[in-house]
Every structure is written in structure tokens, then in C-alpha cells.
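Notes follow the structure.
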Amino acid sequence: MEKFGIGQGVLRQEDPRLLRGRGLFVNDVNLPGQTYAIVLRSPHAHAEIKSIDIGAAAAAPGVLAIFTGEDIAADKLGVPGMPAKWKRPDGEPMKYRPQPPLALGRVRYVGDPVALVVAETLDQARDGAELIDVDYVSIASVTDTAQTVAADAPLVWDDSPDNVSGVFRAGDAGAVEAAFATAAHITKRRFVISRVFAHYMEPRGAIGAYDEREDRFTLHADVQYPHRVRQLLAEKIFSIPEQNIRVVARDVGGGFGTKGWQYAEHRLVLWAARKIGRPVKWACERSEAIQADEHGRDNVTEAELAFDADGKAVGLRVNTVANIGAYLSAIRNLLAAFTNVGTLIGVYDIPTAHVTVRTVHSNTNPTAPYRGAGRPEATFVIERMFDEAAREMAIDPTELRARNMIASDAMPVTTALGLTYDCGEFAINQAEALKMASYSEFASRRDAAAARGKLRGIGLANPIERSASPAPDFAEIRFSTDGSATILMGTKSQGQGHETIYKQIVGERLGLAPTEMRVIDGDTDRVAFGMGTMGSRSTVIGGSALYYAADKVIDKATQIAAHLLETSAADVEFANGKFVVAGTDREMVLKDVVKASFLPAKLPAGMEPGLFESATFVPDDDTYPNGCHVCEVEIDPDTGVIEIIGYWVVDDVGTMINPTIVKGQIHGGIAQGVGQILMEQVAYDKDSGQLLSGSFMDYAMPRADNFCPIDVASNDVPTKRNPLGVKGAGEAGTVGAMPSLMNAIMNALAQVGVEHLDMPATPERVWQAIADAKS
């Protein structure tokens, strides 16, 4: 058998099935007796609900039930809960603002759910929703992040006079103050990090069923964390034992962090199914998605970076206003705001730092993790600051970075914001990326572009991200009597290639061929436990659990082989799927040992038959993928159009289980980062609060012709924080793409005097910035 294991760029095992249309996504699932649901959503950014008249809708053909917030309140469904105990600026506790599944008395953003219509067919549900008459009284709204904290800003919540939800702080303010007092140079900038939306290939959906005989719910949904969804629904919402709910997530057409655990529709379809005694199916329309789902990013940051006379950074001070939307339903809504502020330090030796984050409410969708979940925002700030500081001090930005990098032999090192980097070669990453980009020859390329009337710019970024934070995950290997294996994982694939990765790990450890393995995830009745997939954790934690489960298989199978080979287990060696008695030609293949494990007569005395092993792994600390991105652009000053000319990456994701999949992840991440810088934005009308980018007609996303070839190289430094040495790769591309591209744009625009530009750098904005600079 040809080797199939760790380090090989084999083709993805799941792709033939998916490319042939044989996937099973949530909208492909249909249950006997199924009904259809439509959610009626608010057309107002902020309004009082005076009345809801459902009479005509209830009488419409096929309509089975119409539910409003009062119906939910009458049944006393629970709320997700909030473990964070932050304070407000005035010292008062942060107020918990859970979003009701259906609005009660007031709506607070365009898309806030108001009523649920259940009917025999989808068209009948739509018709019923159109007949509901809601009497709204509009209230002033605020959607702009910076404006939320203005003295005259409309209030999202009447008892919050400044719209501030809570304050998070990290670092040592006193030490920063002292460092700034003696600094030779201080660079200060303001950055706007725009609100964006995941736009996964598959819009969300949910099907709820209730079995009265078993008193048990089943939820089919495209979620990233099936077991956590089950836990939330059972413990917090319905107050029932977890075993009374089954959650099934089959194929998921993209998640990017946004397909979270506390969406109202999960509760609604289960609750409604019990109410009407039939399954209820809700499928989000593409045109509904931006109104229905959580958004990402949306920060305004003021940063200051202080240096001594030698260009060594001495202190960093950051103040961020993070827009969390209208509601604070769960810790998810805060994760991007605080969990990754530590990476504001970047890969640099900055001895003092202090960060303040104010989370604010606005009349917009709640925000939550989106590919990177705070990492791209943090890296954008520190990498933009190094470029701006280099420009002010007339130092080459690559040189300024090199002066301040943490040395590889200084690690492990604990930064001023409390993170402990264990390994990495940051200086080598930058040097290799600059070499790939022919950085030393850039000046001649700039001159050639100028001769053609174009502005050429180059930018770089040295991203580092906090990944795979300590939390347990589960893996199980179950052998059948014929020697084939079923792998059950607590993580949940949304297109990352988990089936291939996990088969490669087991193939490496046990010598099995890919055709002898099957991977199962996403079903709480089949998989014992799992935390799910987010934060670049699946291979790091799930893969490590699988590694240890394979260890247990080897341990037990070695004892069986030794018994059958009539020798001591200490004399049996296992490699490449074979058990060999050391120093002899006596051997057994794993498949034969597995078959024997089911025959009690062939087992050592007292051994339990069968070969089924599981493991749970939790790391001691985070991992820190890192790298260097270099981007080169050309701008047409007459039109403002930006063309990406070159893109080079050196990445350290630790051990690469499958280099091809890693490169695919990096390419995809870069695409999302580039999209945010060049064109993507969830936009609202500042006066009415109306959503202006609710469809693909208005929300631009990058296409193939927005990119050049992307050259990805690796400088792998395996971590010792897990047995595989992996660090995580799912978010690396996005983290580096945003600052490197913006640095390249600003480097080009500096030639015509442009000093500031907020994302997205659309042609109109770029052209206007050039015109303003000239005037």
C-alpha cells in the first residue's frame, strides 16, 4: 500500500462526493409531515411595536400557526446567559441584553425577528407573513460605531445613557504612562475596521422535530458546535436533560465563526414543532441572510506606539470602541472584542502595553466571531502602526520591524499583554518573504509604474495569532470485525477538509488505507462529546485527541499480537500497520489483530473483546501560528482602481498534516482579508438605520480577477504543546492579508500625499483621497 499519512498533500477525500452533488446539507433534509416556517422581520432600525394583528394571516390558506413574542414569553423559554462580569465606565455592572427569539414591545435593528409563521408549504408561509399587520412607531436610531458614544447619540436601551455595554482592560496603564513620558517619538493613528458579513455558500437553516412518545427534540442545523448547541438548548432554553435533545449537523456549506450556537431560529423551530405536533423547517433566504445573522468586526481604534531614540518600541496604548450591535445574548457577542487583544503586541518586543475596549450597542445586528475573531483587527492595528511610525521616522518599515522583533532564542516569552509565545522564527519569516518578493528591486518597479502613470506600492505584515485555546475535544476509533475503522470526532467540518486530515493522522499512526476508514462528526447521538470547530483548533485539539486514541489502539493491539505470536508485549514493535517480533521475521498485520480482538478464544485471559478506543485532549496553552505577508499593488490615480500585482507568504503553522489543504486555507483566508480591505462592507443609512447592503447587488465580494497568483512558502517550527506539533491554519490568511494590503495601498498613495484612508479602499474612496490630497 502506498503511504497515506502526515505531511502528504493528498487530494481531499470529501471532494468527489461534494462535486457530484451528493452532499447532504440542511436544506436537503426533509422529514415526514414537515411544515415550513417564515420569520417576519422588522423593517425598522428602532421602533415601538404598538400592536400585531395576525387575524388575516391566521385565516390564510395553509397557515397552521402564527407565533409572536408574547407566546414565547408565556412559555417562559430561557436565555443563553452571560458568564462575563464586566463593568461599565461608571463602575456599574454590565447589563445583560439577551435578544428575545421574537421581539417584545420593541425592535432594535432591521431584521429583528417579530413573528413566526408556520404553514403547510413555504409559499403559504410567505403569503401568511405578508398579511401580518404590525403597527410600528419609529424611534431615532444609531448605526455608526463612532457615533454611538457621541453625547447626542440616540439610545439603543433607555437605561444606558451612553450606549456603552461594558469595558475590558488589559496590560499595565502605569507602565505605559511612564514609557510614553520618556519616549523620543510617539506615533498616533485612528483606524476604522469595517463591519462585514461571512456570506457563506450555504445560508443558515434549521429543522425542528419533537417526538412526544420519547419526549425528545431533534434539531437539524448547519452549526459549528453541535454538542454546545445541544447543551445550550437543554440547559438554558428548555431546562431539560441533554439526552432529551439530539442535534445533527451534516454537511455545512461554510461557517467562518458565524454559524454559532445561540440563534433564535434553533429555539423557534423546536418550540414550534412541539406546539403543532409536526416538524418545522426554516431555511434562510439569501436576501434575508444579512438581516438574520450575526455580523463581524466593526471597531474604531485609536492607537499610540512609542519609540526610543534608537527606534526601539517602548510602549503601546490602544483604545477601541467595539460595536456589538443591539443585543448581548451570549459570550459569543464579546469574544472578538477581548479574547485576542493580546496579539496587539504582534511579533515585537514591546515591553509595556495597555488596551481598553469599550463595547457599545447600536441599532445593528449583533456581532460575533468571523474568521479571525479579533486576530485580524489586532494585527491590522499593530502592523499599520509600524508602517506609519516608519514613515514618520524615515526608517524603512522592514528595518523598523526587524529592530523590534522577538528573537527566536528568547522564547518562550510572556508579552506585556500576558500571552506566552512558545516558538517561532519571526525574523527568518520576514527575510524569506522579502526575498520571495524581490523587495530590494521594488524601487525600479515603482519607477517603471510611474512612467506608465501608475502608483506602485508594497506593504508587509508579520501576523501572529492566538489559536486553539485550551478546551477539550474528543476522538474515537471504532474497529469493525473486518478490520475497517470508523473515526468519530467532536469537531465539525464546514469545508476545511477534516475527513482527509483525520484519515491521514490515523493512516500515519495505524497504517490504514483511506478506503478502510470512515469519518463521522456532527451528530450528538453518535459522537460522545465535542467542543466543535472554531479558532483554528480542529487539527490541534481534535487531531491530538485522535493521535492519543490511536495510541490506545496500538497499546491494546500490541498485547493481542504478543499473545497470538506467543511472545512478550515488550518484544513486539509496531510500524506501518504491522506488529513484528523484534529481531525475527514473525509478524501480523493490524487487520488480522483486529479480527482476532472480537474472538474471545484468541485473547489474553481477562481481556475485553473488541477494539474501540477514545481519547479527550486539552492543551496546556494556546498555539501561535505566525508568518509574513508581502503585497504589491498598482493604483490608477485617474480611476482609483487598485490592482494586486504580487502576493507572497511565508507561514509557520507548525507541522502540516496536508500541505495542499493548508495552502488552500491560506488562499481562502487571504481572499476574505482582501475582500474586506478593497470592497466588503455592511453599510447602513446613518439617518434611517436602513440596511444598504442587503444583497449581492450592494455587498461587493472579491472575484478571481481581483487577485494575482499567491506564492505560499512554509517555515514550519513545530510546537511542543501538542503531540502533532501543529499550530492551526484556518485563519492565518485573513490575519495577514488585511494589514499587508492596506500597507501596500498607503505606500502607493503616499507618493501623491495621501496620509489617511479607511477601509474599504473602493475606487471612489481612493480617487477622492487623491483629489483631496492634490487640493
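The values are calculated or read from the model by the stated rules, or taken from the named source; none is laboratory data. Please read all numbers here as calculations on a predicted model, not as lab measurements. Heads up, the Cβs are rebuilt from the backbone with ideal geometry, glycines too, and the neighbour counts pull from every protein chain shown. Quick note on the areas: whole protein, heavy atoms, side chains included, nothing else; ligands and nucleic acids left out. Shrake-Rupley method; radii C 1.70, N 1.55, O 1.52, S 1.80 Å.
Filter the stretch 579-590 down to the residues that are surrounded by fewer than 17 Cβ atoms within 10 Å (Cβ to Cβ) and of a type outside the set (Val, Ile, Thr) and list them by number.
At the first step, the residues of the stretch 579-590 found to be surrounded by fewer than 17 Cβ atoms within 10 Å (Cβ to Cβ) are 582-587, 589.
Listed by number, the residues that qualify are Ala582, Gly583, Asp585, Arg586, Glu587.
I'd like to check something: does the stretch 447-469 contain any residue that is surrounded by fewer than 24 Cβ atoms within 10 Å (Cβ to Cβ) and closer than 30 Å to Ala528 by Cα?
yes
From the set of residues in the stretch 369-410 that are out of contact with any Leu (no Cβ under 7 Å at 6 or more places or on another chain) and over 21 Å from Asn743 (Cα atoms), which is most open to solvent (accessible area, probe 1.4 Å)?
Among them, the one singled out is Asp409.
All but one of (1) farther than 16 Å from Trp261 by Cβ; (2) not in a strand (DSSP E or B) hold for Val519; which doesn't?
(2)
Looking at the stretch 684-724 only, could you name the residues that are over 30 Å from Asn429 (Cα atoms) and in a strand (DSSP E or B)?
Once the filter is applied, which keeps residues that are over 30 Å from Asn429 (Cα atoms) and in a strand (DSSP E or B), the stretch 684-724 yields Tyr684, Leu691.
How do the pairs read when you match residues in the stretch 669-680 that are assigned to a loop (DSSP other than H, G, I, E, B) with residues anywhere that are of a type outside the set (Lys, Arg) and open to solvent by less than 10 Å² (accessible area, probe 1.4 Å), using Cβ under 6 Å and keeping only pairs 6 or more apart or on different chains?
Filtered contacts from the stretch 669-680: Met679/Pro760; Glu680/Val196.
Can you give me the number of residues within the stretch 732-751 that are out of contact with any strand residue (DSSP E or B) (no Cβ under 7 Å at 6 or more places or on another chain) and over 18 Å from Thr187 (Cβ atoms)?
Total satisfying the criteria: 4.
Starting from the stretch 153-172, take each residue that is more than 19 Å from Gly689 (Cα to Cα) and list its partners that are in a loop (DSSP other than H, G, I, E, B) and polar (S, T, N, Q), counting only C-beta distances under 8 angstrom and pairs at least six apart or across chains.
Gly171/Thr352; Asp172/Thr352
Of all the residues that make up the stretch 192-227, how many are farther than 10 Å from Val247 by Cα, open to solvent by 10 Å² or more (accessible area, probe 1.4 Å), more than 17 Å from the chain's Cα centre (by Cα) and not acidic (Asp, Glu)?
5
Given the conditions (1) open to solvent by 60 Å² or more (accessible area, probe 1.4 Å); (2) more than 29 Å from Lys259 (Cβ to Cβ); (3) in contact with a strand residue (DSSP E or B) (Cβ under 8 Å, 6 or more places away or on another chain); (4) of a type outside the set (Gly, Ala, Ser), which single one is not true for Tyr36?
In the conditions (1) open to solvent by 60 Å² or more (accessible area, probe 1.4 Å); (2) more than 29 Å from Lys259 (Cβ to Cβ); (3) in contact with a strand residue (DSSP E or B) (Cβ under 8 Å, 6 or more places away or on another chain); (4) of a type outside the set (Gly, Ala, Ser), Tyr36 misses (2) alone.
Rundown of residues vs (1) in contact with a strand residue (DSSP E or B) (Cβ under 7 Å, 6 or more places away or on another chain); (2) more than 26 Å from Phe25 (Cα to Cα); (3) open to solvent by 10 Å² or more (accessible area, probe 1.4 Å); (4) at pLDDT 95 or above, yes/no style:
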position	(1), (2), (3), (4)
Thr491	yes, no, no, yes
Glu499	yes, no, yes, yes
Tyr502	yes, no, no, yes
Glu516	yes, no, yes, yes
Ile520	yes, no, yes, yes
Asp523	yes, no, no, yes
Lys552	yes, yes, yes, yes
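Being at pLDDT 95 or above, more than 30 Å from Ala84 (Cβ to Cβ), surrounded by 17 or more Cβ atoms within 10 Å (Cβ to Cβ) and not polar (S, T, N, Q) narrows it down to one residue among Ile186, Ile132, Ile139; which is it?
On the way: Ile186 fails: surrounded by 17 or more Cβ atoms within 10 Å (Cβ to Cβ); Ile139 fails: more than 30 Å from Ala84 (Cβ to Cβ).
Of Ile186, Ile132, Ile139, the one residue that is at pLDDT 95 or above, more than 30 Å from Ala84 (Cβ to Cβ), surrounded by 17 or more Cβ atoms within 10 Å (Cβ to Cβ) and not polar (S, T, N, Q) is Ile132.
Report yes if Thr584 is β-branched (Val, Ile, Thr) and assigned to a loop (DSSP other than H, G, I, E, B), otherwise no.
Working: β-branched (Val, Ile, Thr): yes; assigned to a loop (DSSP other than H, G, I, E, B): yes.
Criteria met by Thr584.
With respect to the numbered conditions (1) at pLDDT 95 or above; (2) out of contact with any strand residue (DSSP E or B) (no Cβ under 7 Å at 6 or more places or on another chain); (3) over 30 Å from Pro226 (Cα atoms), which one is the sole condition not fulfilled by Pro161?
It fails just one condition, (1).
On the given criteria, is Asp705 free of Cβ contacts under 8 Å to residues at least 24 places away in the same chain and either among the hydroxyl-bearing types (Ser, Thr, Tyr) or closer than 23 Å to Met201 by Cα (or both)?
Values: free of Cβ contacts under 8 Å to residues at least 24 places away in the same chain: yes; either among the hydroxyl-bearing types (Ser, Thr, Tyr) or closer than 23 Å to Met201 by Cα (or both): yes.
Yes; evaluated as a whole, the condition is true for this residue.
For the stretch 51-108, how many residues meet the condition of being basic (Lys, Arg), open to solvent by 40 Å² or more (accessible area, probe 1.4 Å) and closer than 27 Å to Arg230 by Cβ?
Here is the first cut: in the stretch 51-108, the residues basic (Lys, Arg) are 76, 85, 87-88, 95, 97, 106, 108.
From what's left, open to solvent by 40 Å² or more (accessible area, probe 1.4 Å): 76, 85, 87, 95.
Right, trim to closer than 27 Å to Arg230 by Cβ and you get 76, 85.
Number of matching residues: 2.
Suppose the filter is without any contact (Cβ under 8 Å) to a residue 40 or more places away in the chain, closer than 30 Å to Gly668 by Cβ and over 22 Å from the mean Cα position of the chain (by Cα); does Arg518 pass it? Reasoning before the result, please.
Details: without any contact (Cβ under 8 Å) to a residue 40 or more places away in the chain: yes; closer than 30 Å to Gly668 by Cβ: yes; over 22 Å from the mean Cα position of the chain (by Cα): yes.
Answer is yes for this residue.
Pick from the stretch 758-775 the residues that are assigned to a helix (DSSP H, G or I) and of a type in the set (Asp, Glu): which of them is farthest from Val641 (Cα to Cα)?
Step one: of the stretch 758-775, the residues assigned to a helix (DSSP H, G or I) are 763-774.
Cutting the leftovers down to of a type in the set (Asp, Glu) gives us 764, 772.
Details: Glu764: 8, Asp772: 16 Å.
Here the residue is Asp772.
Here's the yes/no breakdown for (1) of a type in the set (Val, Ile, Thr); (2) under 22 Å from the mean Cα position of the chain (by Cα); (3) over 30 Å from Val641 (Cα atoms):
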position	(1), (2), (3)
Leu400	no, no, no
Val413	yes, no, yes
Lys454	no, no, no
Ile501	yes, yes, yes
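Gln690 versus (1) surrounded by fewer than 18 Cβ atoms within 10 Å (Cβ to Cβ); (2) in contact (Cβ under 8 Å) with a residue 12 or more places away in the chain; (3) within 28 Å of Gly497 (Cα to Cα): which is the lone unmet condition?
So Gln690 meets the others, but not (3).
Considering the stretch 591-630 alone, what residues qualify as being in contact with a Lys or Arg (Cβ under 7 Å, 6 or more places away or on another chain), open to solvent by 50 Å² or more (accessible area, probe 1.4 Å) and within 30 Å of Thr414 (Cα to Cα)? Break it down into steps so the answer makes sense when it comes.
Of the residues in the stretch 591-630, the ones in contact with a Lys or Arg (Cβ under 7 Å, 6 or more places away or on another chain) are 596, 611-613, 615, 619-625.
Next, only the ones that are open to solvent by 50 Å² or more (accessible area, probe 1.4 Å) stay: 612, 620.
Correct list: Asp620 only.
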